[in-house]
Amino acid sequence: MPTDSRFLEVPVTSNNKPIPITVEERTLLIDVVRGFALFGVLLANMIWLSQEIALTNEQLLKLPTKDIDQISRYFVQFFIDGKFVTLFAFLFGLGFSAAMLKCRQTRNSRQ
């Protein structure tokens, strides 16, 4: 599929410098949900790094908190793993498409 360079344009001022979006142009709901998704990704990685990477199965079974650790691992795998990464990826695509639409609108308004 050929690349159309029209969609890669960045809004610029008269001196050809890129224009950042203003606070009023941001969508607060998307930013809040994106932060929530990042927190979920952080939580999933914290459990994974602290249990599955740092210790072997034998070491995990010797811990006094082994029952709570197993419950938390199943909770994270069921409710968090994949879901927050998917949500974050979706929001990335949504933000990217919004940026492309803004680029297109800016380009059309200059013509």
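Structure above, values below:
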item	result
Given (1) surrounded by fewer than 12 Cβ atoms within 10 Å (Cβ to Cβ); (2) at pLDDT 90 or above; (3) part of a helix (DSSP H, G or I), number of the condition residue 34 does not satisfy	(1)
Test result for residue 42, out of contact with any His (no Cβ under 8 Å at 6 or more places or on another chain) and surrounded by 15 or more Cβ atoms within 10 Å (Cβ to Cβ)	no
Positions within the stretch 8-31 being modelled with pLDDT of 60 or more and not in a loop (DSSP other than H, G, I, E, B), in sequence order	18, 23, 24, 25, 28, 29, 30, 31
Any hit, the stretch 41-49, residues being at pLDDT below 85 and under 16 Å from residue 95 (Cβ atoms)	no
Residue satisfying all of: in the stretch 66-100; aromatic (Phe, Trp, Tyr) and surrounded by 13 or more Cβ atoms within 10 Å (Cβ to Cβ); nearest to residue 45 (Cα to Cα) among these	84
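The values are calculated or read from the model by the stated rules, or taken from the named source; none is laboratory data. Predicted, not measured: the structure shown is a model, and the values here were computed from it. So basically every Cβ, Gly included, is an ideal-geometry build from the backbone, and we count neighbours across all protein chains shown.
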